[in-house]
1. Could I get the Rg over Rh figure for segment 41-89? Both from C-alpha atoms, Rh via Kirkwood, rounded to two places.
2. What GluC sites (Glu not before Pro) does segment 1-61 have in DSSP loop regions with at most 14 other beta carbons within 10 Å?
3. Choose one of Ser211, Ala28, Ile182: the residue whose Cα lies farthest towards the positive end of the charge dipole of the chain (beta-carbon charges +1 Lys, Arg; -1 Asp, Glu; about the Cα centre).
4. Sorted by average packing, counted as other Cβ atoms within 10 angstrom per residue and highest first, what order do 129-141, 50-62 take?
5. For n ≥ 4 DSSP H runs only, could you compute -39500 (n - 2.57) per run for the chain, divide by its residues and tell me the 222 nm figure to the nearest 500?
6. Measuring with a 1.4 Å probe in the full set of protein chains, what accessible area per residue, in whole Å², belongs to segment 116-222?
7. Taking every Cα atom in segment 156-287, find the radius of gyration and the maximum pairwise distance Dmax, and write them in Å.
8. Pairs to check: Lys136/Lys244; Lys62/Lys188; Lys188/Lys230; Lys46/Lys262; Lys46/Lys103; Lys136/Lys262. Give those whose C-alpha atoms are more than 19 Å from each other in this structure.
Amino acid sequence: MSEAAVHVGSGKVRELYELPDDRLLLVASDRISTFDVVLPTEIPDKGRVLTGLSGFWFARTKHIVANHLLALRDDGRSTECRRLEMLPIECVVRGYITGSGWKDYHATGEVCGHRLPEGMRESERLPDPIFTPATKAQSGHDENITRDEAAELVGRDRFDEVERIALELYRFASAHAEARGIILADTKFELGVDGDGALVLADEALTPDSSRFWPADSYAPGRSQPSFDKQFVRDYCESVGWDKTYPGPELPDEVVAETRAKYVEAFGRLTGISFDDYLGDPDVVLR
Ligand SMILES: Nc1ncnc2c1ncn2[C@@H]1O[C@H](COP(=O)(O)OP(=O)(O)OP(=O)(O)O)[C@@H](O)[C@H]1O
Ligand SMILES: [Mg+2]
C-alpha cells in the first residue's frame, strides 16, 4: 500500500483500514458466507465483483444521495472512502416478502410496523416497496425495528430523509436490475453523516452481499427463491447435511467455479460492462 494504512477491523468479508485525512480503505476479500457462516473456501474475484458493483451504483445514484466513494484502487477490491459518522440503523428496503420479513409477517401480519395485505405468499411482490429498518448489532443478528423506534434512534427529521432516500435508491436499482432479468428482492443500505451534517451513502451498496438477487426467469411466489449468486453453494451445503453452524464445509472445485461464474455474470448483467474490462481498469464502472 502506497500510504500509511492502519488496520482497524475485520468484517465477515471485508477488512477495514484507516487512511490519513479522515479516509477509510475498505478491502473486499473473496470470503463467502452462507447462513451467516464464513466458509473455509474462497470464491476467486468475488471481492472484486462486489467492489465493482458498489462503484457502479455509487456513480449512478449521486442524483439521489451523495456517497462516500473517493477512489477505487487498481486491485479492483479496495475502495478509498470518506470516513463518516454512521447512523445506528441498517436501512433495509423490501420489494418482496422474504427472509425475516416473511417470518415477521407470518407471525404478526406486519413487518416493522407496516401492516401488509392478508394472504400474501412467500416471496410475493409487495404492493409498494417498504422501508424496514433494523438495529446494527455488534455481534449476532440485526433485529428489525419499527419506523418509530428507528426515528427515535436517528431523530424524526433525519428519519424521514433516510426513508425517502432508501426507497428512492431501491426503486432506481430495482428498475435497472429488472430490465436485466434480475429481481432485487430486498437490500440494505448504510448511511452516514459528514462534517457538514449531510447524509451520505456509505459501506457497500446493491451488491449480492447486501441484497437478495433472484433470477427473474424462474421467479414464482409461494416458495423460497433460488439465489442468483449463492445457490450452488447453498445446494451443496444442504447436500452434505451441514447443520449451518460453524465451521462450514469446504467447497469442491466445481461449486467454486460455478459460483464464481454466477458472480461474474451478475456483474456483467447489472453493469453491462465485461468483468475483464473491470480487471483491466476498475474505473470503467465509474464512467
Ligand atoms: N464511509 C464510512 N465511514 C465510516 N464507517 C464506515 C463507512 N463505510 C462503511 N463503514 C463501516 O465499516 C464497517 C465495514 O465492516 P464490514 O461490513 O466489513 O463488517 P461488519 O459490518 O462489522 O460485519 P459484517 O461482516 O456482518 O458486514 C461497518 O461497520 C460499516 O458500518
Ligand atoms: Mg457490514
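1. 1.03
2. Sites meeting the loop and neighbour criteria: Glu3.
3. My answer, from the dipole projection, is Ile182.
4. 50-62, 129-141
5. It comes out at -10000 deg cm²/dmol, rounded to the nearest 500.
6. Averaged over the residues of segment 116-222, the accessible area is 46 Å².
7. Computed over the Cα atoms of segment 156-287, radius of gyration and Dmax are 17.6, 52 Å.
8. In this structure, Lys136/Lys244; Lys46/Lys103; Lys136/Lys262 lie more than 19 Å apart at Cα.
The values are calculated or read from the model by the stated rules, or taken from the named source; none is laboratory data. It should be emphasised that the depicted structure is a prediction, and the values quoted were computed from it without experimental measurement. For neighbour counting, all protein chains shown are included, and Cβ atoms are generated from backbone atoms with ideal geometry for every residue, glycine included. The accessibility values were calculated without ligands, DNA or RNA, using every heavy atom of the protein model including side chains. Shrake-Rupley method; radii C 1.70, N 1.55, O 1.52, S 1.80 Å.
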